[in-house]
Amino acid sequence: MLTSVKILPTPLRPHASAHRKPCYNTGMTNLVEAKNIHRRFGKGHLTTHVLKGIDLTVAEGEFLAIMGKSGAGKSTLMYQLSVLDTPTEGTIYVDGTDVLSLNERDATDFRLQTLGYVFQNYALVPDLSAQENVMMPLLMRGEDWTAAKRRANLMLDEVGLEGKYMSLPGMLSGGEQQRVAVARALAGKPKIIFADEPTANLDSVSGQQVVDLLTTLHREQQQTIVMVTHEPEYAEPCDRIVYLEDGRIITR
């Protein structure tokens, strides 16, 4: 159970459907600008070259899908763009900030203040209620307990979880847990939400509900979203789809 204390930060279709009108202003500023992104793991002859010179931008208000076969580098790319990992080579600007120049503490604060995350395994704290899971990043930002609680309840209402405030994750279905994760991502009013395979652990009905929720946020609130998925039907509402193959963006 959380206690009332302040927690401080720690140190669509593919392009063939180009005629589709995007739901964002194509003249908007790029929130993400990544150039020549390489990511290698290991050393010497054991080095694995996962990303091979990626150039990518994400416009403000855009809903972007990243697709590709398993092992293509989709999640690795998203981790670079979302400041959860550091590329071996290249430059990344997010909301005008050179994120690769940030130290660990500043990068943590940047993520808390600017970005929201939805992971395929939900990443909820099992001993905390839905309300407390949503409150946690707000408290880490230094927000008042009462205000954080009010905001958490509002976000849970927004994703259709009225009356589930005090439910532990184990008391919720997979789809409900993922909606708690979306509420947590929204609570801090992020510039960008990064969703890494948000439907991977859900049945088709629950998965579609989560994608519909993200689509509504995008269309009604102009929320910028970057989503990794391997399901073409879930990428259908996106403004743009980027395909990865063997660590490179390919044209379709």
In deg cm²/dmol and to the nearest 500, what is the mean residue ellipticity at 222 nm of the chain if only DSSP H runs of at least 4 residues count, each as -39500 (n - 2.57), divided by the residue total? -9500 deg cm²/dmol
Val228's amide H: which non-local residues (gap 5+, or another chain) put their own amide H closer than 5 Å, with H modeled 1.01 Å from N in plane and none for Pro or chain starts? Ile66, Ala195, Asp196, Glu197
Taking the alpha-carbon centre of each part, the distance from region 159-196 to region 24-95 in Å is 25
So, R0 is 35 Å and r is the distance between the beta-carbons of Met166 and Gln208; what FRET efficiency does that work out to, to 0.05? 0.80
Can you tell me how region 177-227 classifies by the Cα gyration tensor, rounded, prolate or oblate, using a/c under 1.5 as the rounded cut? prolate
Could you name the aspartates and glutamates whose alpha carbon sits less than 13 Å from that of Lys149, not counting residues in the same chain fewer than 8 places away? Glu132, Asp157
The answer for GluC sites (Glu not before Pro) in region 152-220 that fall in a DSSP coil and have at most 16 neighbouring Cβ atoms within 10 Å is Glu162
Cα Rg over Rh - region 50-108, Kirkwood: 0.96
Once fully extended, how much extra length lies between Glu231 and Ser101, figured as 0.36 nm per residue of separation less the alpha-carbon to alpha-carbon distance? 43.3 nm
Output ³J(HN,Hα) for region 113-126: one whole-Hz value per residue in order, computed from phi by the Karplus curve 6.51 cos²θ - 1.76 cosθ + 1.60 with θ = phi - 60°, and x for Gly and Pro. 8, 10, 10, x, 10, 10, 10, 5, 9, 6, 6, 8, 7, x
Out of all DSSP beta bridges in the chain, what portion is antiparallel? Express it as a percent rounded to 5. 50
Here the gain from full extension of Phe41 to Thr216, 0.36 nm per residue of separation minus their alpha-carbon distance, amounts to 59.3 nm
Considering the alpha-carbon set of the chain alone, what are its Rg and its Dmax in angstrom? 18.1, 55
Given a Förster distance of 25 angstrom, what is the FRET efficiency for Met28 paired with Thr108, based on the Cβ-Cβ distance and rounded to 0.05? 0.35
Karplus-derived HN-Hα couplings along region 50-65 (A = 6.51, B = -1.76, C = 1.60, θ = phi - 60°), whole Hz, x at Gly and Pro: 8, 10, 10, x, 7, 10, 7, 10, 10, 7, 4, x, 8, 10, 10, 9
Diffing region 175-192: the Karplus 3J(HN,Hα) column from phi (6.51, -1.76, 1.60, θ = phi - 60°), in whole Hz with x for Gly and Pro, holds x, 5, 4, 5, 5, 4, 4, 5, 4, 4, 5, 6, 4, x, 6, x, 5, 9
If r is the Cβ-Cβ distance from Asp127 to Glu245 and R0 is 41 Å, what FRET efficiency results, to the nearest 0.05? 0.50
Residue (of Leu102, Thr88, Val134) at the positive-pole extreme of region 80-139, dipole from beta-carbon charges: Val134
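Readers should treat all values here as calculations from the given coordinates under stated rules, not as data from a laboratory. Just so it is clear, the structure is predicted and the values come from calculations on it, not from any experiment. No Cβ is skipped: glycine too gets one built from the backbone with ideal geometry, and neighbour counts run over all protein chains shown.
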